[in-house]
Structures are given as C-alpha cells and as structure tokens.
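Asker: One structure, pasted below without further comment.
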Amino acid sequence: MGDYKFAKDKLAEVLSSLGDYQVFAPTPAGDVVRFLEVKDPAAVTLESANSTVPPKELMFPETETLFKYRLGDTGLDPSVPDASARRLVFGIRPCDAMAYTIVDNLFSWDFTDPYYLNRRENTTLVGFACGDPCANCFCPSMGGAPASEKGLDALMFDLGDTFYVKTLTDKGDAFAKAAGLDAAGDAESKAAEKQAEEALGKVKRSIDTAGIPEKLPSLYDHPFWEQFSDRCLSCGICTFLCPTCHCFDIQDEAEAFNARRARMWDTCMFAEYTVHTSGHNPRPTRKERTRNRISHKYSYFPEKFDVIACVGCGRCINNCPVNIDLLDILEKSKQAEGKEAKTA
Amino acid sequence: MVDLKELQDKAKEVISRDDVRRLIGWQRGTYGFESAPIVVTDASDADKLIFDPTCVQNPASFITLEEKRPVPRGQEPDTRKVAVMVKGCDSRAIVQQLVEKAYPRENVIVMGMPCRGVIDRRKAAALFGDVTPDEVKLDGDKVVVSLNSETKELARGDILADKCMRCRYPNPLVSDELMTEEVEKWGADEFADVDEFEKMSPADKWKFWEEQFSKCIRCYSCRNVCPMCYCVECVVAKLKPQWTRRSTDISENAAYHVQRAWHLSGRCIECMECQRVCPVDIPIMTLNRKMTRDVKEMFDYEPGVDVEAEPLLACYNPQDPEDYIM
C-alpha cells in the first residue's frame, strides 16, 4: 500500500488512462450530482460536497433486470445479465463507501445476492476525503469520519494543486498503477493527516447513539412519533436517497412474448409497501411508517447485524421538504418515556 | 408584519375550542433557512408557531394528507374541525378543494396570512451556504436577513421564490379571519416562462423532457405534497391491475409525469410545491403552467379563485372552442 499523487490539472488525463475499467464519477446535471459512467472526463466534478443520489445505485440500481424470459415457452431459459465488468468508482465520499460495508450484511445474509455481490467484488472504490463537511453531516457519530478509510481501496485528498492518493488495498494499488500516478512523500501524507483532523473539527452535528437501539422498541406506541409523522408527506426522498436503505420490490414485466423479472427500489414510506392482498394494511398511517424507517435503521438492523444502518451523510435531512430531521427524532426519542418493550 | 404573540394567542384560542381537532401552521426548522409545517393538537404547542418569509410549505396539503384509522366498533368518528393557516397562494388550494367538494366548508377554519413572498431555499443556499439566519423579514422592497450579527439587504428577486415575483394573489381568497392587514398586490403573470419554452422545436422539447424525466427517481414527493393530488388511490399506486410499472425508465417516468399534468389541468393552483420538493430538480411546473395557460386561453377558466365556480371538467359552455376536433 503506497502514497501517490497527481497534479489537479491532470484529473482528466488520469480518468482517461483508466481504460481497463468502467469508471463512474460524480457528474452534475444542473444542481443534481450523480455517479455516472465517465464518457467525458471534463464533465466530472469533485467540487460538490456530495452527490444528490448516493452511489448505492451503482451496486443496487433503481431498476435492474434479474433475468429475461419468453412467455409461452415450455421450460424457463432465463438469461441472466452479465455483470462481470471491472468497475471503478472515482471520488466516492467515505460515508458512502462505509454504507456499502453495512449493506453487505444484508445482501450476504440468508440469501447471497449475486447481482449486488458480483458488482461489489468487481469494483474498486477510490474515495475522496471531505475537507468541508456540510451542515447536516454527522459521520463521526456513526463511526465514520471525513477521511474514514472504511470500505475503500484508496483515499484521495485535495491538497490545493495536487491530489494525494493513499492506497489501502491491492485493488487500490492496481488503480494507482493503471493511472500511472507519481509517488508522494511525507509532506503530502502529513498535509493529508492535518486536513483530516481539521475536517473532523468542522463537523457541526452529532448524536450519541448509546442506548437508542435498545430504547426504540419501548417507544412503539408512543405519541412522540406523531410530531414528525403529522407533517410527513410519505414520499420516498429520505429512503431513496439514503445510502443504506436497501428495500426492493420484484415485479414481472411482459411485452408481447418478451418478459423480464426486474427489481426496483421500494420504500417503507409508501402506503402500498405493506398492503396485504386482502387490502388490509398493518401500517395504515404515516406514524407507523415513520416509526418503521427510524426503527429499522437504529434498532432492527443493529439487532440483527450489530451495526446501525446509518452513516451520517445527512441526505435525508438535507432533502426532506418538510424538515423532518433524523437527529431531531433521535434526540426526542431519548427524551421520550418508554413502555415495556414490544417486539416489532 | 405579523405580531407573533398575537398570532400564537389566536391559535391557542382556536385550538382550545371544543369543536377544533387540529391546527396546521409553520414552525422554525432545525437548520438554515428551513421552516417546517406543524400540526398543533394541544394549546401548549401553539407557542411554536411562526410566520415569516421562511414559511414556504403549503399547509393546505396536510388537510387531505391526513390518513384516518378505521373507527373501532361502538365509537363515533371525530368530526371536529381542522384549522389551517394559509398564505394567498396556499388559499387557492382550499378554494379548489371546496370547488371539488373534497370536504364541506364548515369542516375547516381558515386563518388567512397575507404574504409578501417566501424564500427559495436553493437561492438562499447559493447566497449564504449552510448558515442559519437569526431573522428573515421583508422590509419594503428589500429582504432583510440577519445572520452572524450582520444584516444583509437583498433585492426581493434575489432570494424570494420565482412564484412570488409574479404573485397575483398575496391575500387569501378564502378565510374566516385575516391574521394581519391585507397587503397590496404587486405581481402580474404573463406566462413569459411558457412563451420561452414554446419557442423550442418539438424535437428539442422532447429531448428536454427526456433528460428531465430520466432523472426522476419516482419518490412521488411531487404527488404527495400536491394539495390537489388527493385521490384515495393514485393511478400509479394501483396494483390490481397495475396501470403504471414500478420500474424507472424514460417510458414509465414520462407516463407518470404526463398523467399527473393531465390530471391537474384546470385544477393546478400553482403553489409550486411539486417543483420545490423535487430532489432531482425536475421543472415540473413547466408542464403544469402550460396547461394552466391553455385552460385560461381556451376556456377563460382559472382554478382555485372562486368557491362558487364549477370544476372545469364538470361544466360545459356552448362557446367552448372545439379546435381539437379534426
């Protein structure tokens, strides 16, 4: 594992030299930044605090074909799409890389999901440390940091005229070699360390999560949820833009004789998420749905996998149109008086 | 300017009435220029109510958003009234809901908030970044923002929402009581944005919408925030049979947005909430405003301004144009 660097004005050159990889990087379209496949290196931006849509979509796309089949054929000859391309995600923020390590638990749990896991396996993650965290970032509270290395193969730092690249795994080294990066010295690694420390001090918001996973089940019927759910729109912003939310629906789609089985993002914030075939809905109002979102992240998931399903990226707070603030909910949950625990 | 104490006292009085169940208004948000809607059910929470240029959300949306639980056997449903604070633009939603007989007039108490404009948070973020202001107020032709013990004066157009700059209804069109004096109207709407858009060739228009709709993640925040999208079951949520596929692609996304625009023609009251809430910046109102202008030009009809009006698609006039019949 080594120390490398490249001049900032060589960014396009570095991206172009990664021909062996399918490269994804933050690309703006108006005010919206998404991780798109790099077609034109000049379109890539590393200026935005973070992408609007998290790079979870690179491992777990909004909609993906599981297999295709033909209607009316006897026997099924499903053709599974090829996902063996060697990919590289350039400029992923440490929180979003850490999110993959959390979601891995789910996709390799009772059923090992080949679609997600193949992509994870074939992808190199080149992170980009945050020098200037946003107003609602709270990654340190979730075990991350603006320069966390968790889940990354390499980590880049913006040192003014140059990018300093610290490789962390063999995949990271392979990237540095492919990109033909120059060797860096002590000066760069010291500057990066200093920047990391300063950035940590700039994170404004925090939450002490101790006790929350155990407490939430005792608040199952508590009225405190209503001060948030009363104004909730029950839309999918908070969950779709969450790097750890991973719920999906599976549907068959047919056109004439050609059909496919596809899976697409789903969210517990939609009323139809829990509707039974009978028409009965066990989560009839936004109170139950709001409670589920928070409880899944902060109680059910850690109960099963020993890690809270949140990385503190702040997207759910930044994008909520009615200012439902996750940290506000968690603080209020600590103040609320619980009843004897009820299971979910 | 609204006297906050007076407003909160009035709200306390209203929510304390035996025949009032909940009161919907605004409260301070948790960061930046954010405000948040608040549903007050207890007089002790009335002190949280605010009214200033950060109060962007349309409280009328929350009247129809409320989901009622089934009433247990032997119990009577709670039929007490809902009180709601509305700006001029918000009030048009109530007018249109009443026109459509979404609920009887006596079910709502409308507290009118004459308004001189609200902040566009994207403009505010571009100007001030992550900073949380101490106070935002309108002073004559200026918006005065106090932050970090500094006071900044801005031209209204620099920070207020675009809809406010062409606002024709700053005073509520329906209300039981106005909380402040009426304000003078300043805006006019010539649909310059629609004119501009229509200059594009059909091919360019399609390219534009293809790019915009491709971004859509189908979170349905535009539909859910819309005070006029209050169908018990939305056509895109229908599962038996399924009318619109769940998968996100240009075809399904376009189907959703075009369906919604059609369902809102002659009904959209232009509160612009759909466009404000979109996390991927789709200019949804460009579609809706095109429909609004067509409806106005073809049928001389404007939704949400007259409680006595009939819904556009429920009335017929022999003079209606028939240009579309070949």
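Asker: Residues A:L11, A:L15, A:L36: which one is within 13 Å of another protein chain (Cβ to nearest Cβ), within 17 Å of A:F128 (Cβ to Cβ) and either touching a Phe, Trp or Tyr at 6+ places or on another chain (Cβ under 6 Å) or not in a loop (DSSP other than H, G, I, E, B) (or both)?
Answerer: The unique qualifying residue is A:L36.
Asker: Scan region B:30-88 for residues that are free of Cβ contacts under 8 Å to residues at least 12 places away in the same chain, more than 12 Å from chain A (Cβ to nearest Cβ) and among the acidic types (D, E) and jot them down.
Answerer: The one that is free of Cβ contacts under 8 Å to residues at least 12 places away in the same chain, more than 12 Å from chain A (Cβ to nearest Cβ) and among the acidic types (D, E): B:E76.
Asker: Taking the conditions exactly as written (surrounded by fewer than 14 Cβ atoms within 10 Å (Cβ to Cβ), part of a helix (DSSP H, G or I) and of a type outside the set (K, R)), does B:A203 satisfy them or not?
Answerer: Yes: the conditions hold for B:A203.
Asker: Out of (1) surrounded by 17 or more Cβ atoms within 10 Å (Cβ to Cβ); (2) on the phi > 0 side of the Ramachandran plot, what's the single condition that is false for A:D306?
Answerer: It fails just one condition, (1).
Asker: Here's something else I'd like to know. State all residues of region A:206-245 that are hydroxyl-bearing (S, T, Y) and either buried (at least 24 other Cβ atoms within 10 Å of the Cβ) or within 13 Å of another protein chain (Cβ to nearest Cβ) (or both); if no residue qualifies, say none.
Answerer: Once the filter is applied, which keeps residues that are hydroxyl-bearing (S, T, Y) and either buried (at least 24 other Cβ atoms within 10 Å of the Cβ) or within 13 Å of another protein chain (Cβ to nearest Cβ) (or both), region A:206-245 yields A:S229, A:S234, A:T239, A:T244.
Asker: Could you pull out the residue among B:G29, B:G25 that is at pLDDT 95 or above, small (G, A, S) and over 15 Å from the mean Cα position of the chain (by Cα)?
Answerer: B:G29
Asker: Only one of these conditions is not met by B:K215: (1) away from chain A (no Cβ under 11 Å); (2) touching a strand residue (DSSP E or B) at 6+ places or on another chain (Cβ under 9 Å). Which number is it?
Answerer: (1)
Asker: Quick one: which residue in B:K81, B:K101 is under 22 Å from B:A11 (Cα atoms) and at pLDDT 95 or above?
Answerer: Answer to the check: B:K81.
Asker: Restricting attention to region A:101-155, and to residues there that are modelled with pLDDT of 95 or more and β-branched (V, I, T), which single residue is nearest to A:S84 (Cα to Cα)?
Answerer: A:T123
Asker: Which of the residues that make up region A:155-200 are among the aromatic types (F, W, Y) and either assigned to a strand (DSSP E or B) or over 22 Å from A:A12 (Cα atoms) (or both)?
Answerer: Listed by number, the residues that qualify are A:F157, A:F163, A:Y164.
Asker: Here is a list of conditions, (1) out of contact with any helix residue (DSSP H, G or I) (no Cβ under 7 Å at 6 or more places or on another chain); (2) within 14 Å of chain A (Cβ to nearest Cβ); (3) under 30 Å from B:P77 (Cβ atoms), and B:D19 meets all of them except one; can you say which number that is?
Answerer: (2)
Asker: Could you pull out the residue among A:A176, A:A187, A:A210 that is under 20 Å from A:G91 (Cβ atoms) and among the small types (G, A, S)?
Answerer: The match here is A:A176.
Asker: Moving on to the next point. For B:W186, indicate whether it is aromatic (F, W, Y) and modelled with pLDDT under 95.
Answerer: Yes, satisfied.
Asker: Would you mind stating whether A:S48 is under 26 Å from A:A129 (Cβ atoms), at pLDDT below 90 and assigned by TED's automatic domain parsing to the domain that holds A:P140?
Answerer: yes
Asker: Something else now. Looking at B:T41, B:T64, which is the one that is touching a Lys or Arg at 6+ places or on another chain (Cβ under 9 Å) and among the hydroxyl-bearing types (S, T, Y)?
Answerer: Just a single option satisfies the conditions, and that option is B:T41.
Asker: Can you name the residue in region A:23-76 that is closer than 23 Å to B:C219 by Cβ and small (G, A, S) and is also surrounded by the fewest Cβ atoms within 10 Å (Cβ to Cβ) among such residues?
Answerer: Among them, the one singled out is A:G30.
Asker: What pairs come out if I take residues in region B:255-282 that are on the phi < 0 side of the Ramachandran plot and away from chain A (no Cβ under 14 Å) and pair them with residues that are β-branched (V, I, T) and in a loop (DSSP other than H, G, I, E, B) whose C-beta lies under 9 Å away, six or more apart or interchain?
Answerer: B:H257/B:I282; B:Q259/B:T244; B:I269/B:V305
Asker: Looking at (1) over 20 Å from the mean Cα position of the chain (by Cα); (2) farther than 26 Å from B:G88 by Cα, which is the only condition B:V232 fails?
Answerer: The failed condition is (1).
Asker: For region A:104-154, name all the residues that are assigned to a loop (DSSP other than H, G, I, E, B) and of a type in the set (S, T, N, Q).
Answerer: If the condition is that a residue be assigned to a loop (DSSP other than H, G, I, E, B) and of a type in the set (S, T, N, Q), then A:S108, A:T112, A:N136, A:S148 are the ones that fit.
Asker: Can you name the number of the only condition in (1) farther than 25 Å from B:E66 by Cβ; (2) modelled with pLDDT of 95 or more that B:L264 fails?
Answerer: (1)
Asker: Quick check on region A:319-340. Is at least one of its residues assigned to a loop (DSSP other than H, G, I, E, B), within 17 Å of the chain's Cα centre (by Cα), closer than 16 Å to A:A210 by Cβ and away from every other protein chain (no Cβ under 14 Å)?
Answerer: Within region A:319-340 (the criterion being assigned to a loop (DSSP other than H, G, I, E, B), within 17 Å of the chain's Cα centre (by Cα), closer than 16 Å to A:A210 by Cβ and away from every other protein chain (no Cβ under 14 Å)), the answer is no, since none of the residues qualifies.
Asker: Any chance you could count how many residues in region B:115-167 are under 19 Å from B:V277 (Cβ atoms), surrounded by fewer than 18 Cβ atoms within 10 Å (Cβ to Cβ) and acidic (D, E)?
Answerer: Result for region B:115-167: 1.
Asker: Which numbered condition trips up A:F60, out of (1) more than 18 Å from A:C242 (Cα to Cα); (2) part of a loop (DSSP other than H, G, I, E, B); (3) in contact with a strand residue (DSSP E or B) (Cβ under 9 Å, 6 or more places away or on another chain)?
Answerer: Tallying (1) more than 18 Å from A:C242 (Cα to Cα); (2) part of a loop (DSSP other than H, G, I, E, B); (3) in contact with a strand residue (DSSP E or B) (Cβ under 9 Å, 6 or more places away or on another chain), A:F60 fails exactly one: (1).
Asker: Here's another thing I want to ask about it. Return the only residue of A:L76, A:L159 being farther than 15 Å from A:K56 by Cα and modelled with pLDDT under 95.
Answerer: Result: A:L76 is the single residue among A:L76, A:L159 that is farther than 15 Å from A:K56 by Cα and modelled with pLDDT under 95.
Asker: Pick out the one residue from A:T267, A:T274, A:T285 that is of a type outside the set (A, V, I, L, M, F, W, C), within 26 Å of A:T209 (Cβ to Cβ) and either touching a strand residue (DSSP E or B) at 6+ places or on another chain (Cβ under 9 Å) or within 13 Å of chain B (Cβ to nearest Cβ) (or both).
Answerer: A:T267
The values are calculated or read from the model by the stated rules, or taken from the named source; none is laboratory data. Here the structure is a predicted model, which means the values were calculated and not measured. Neighbour counts are summed over all protein chains in view; Cβ atoms, including those assigned to glycine, are modelled from backbone coordinates with ideal geometry.
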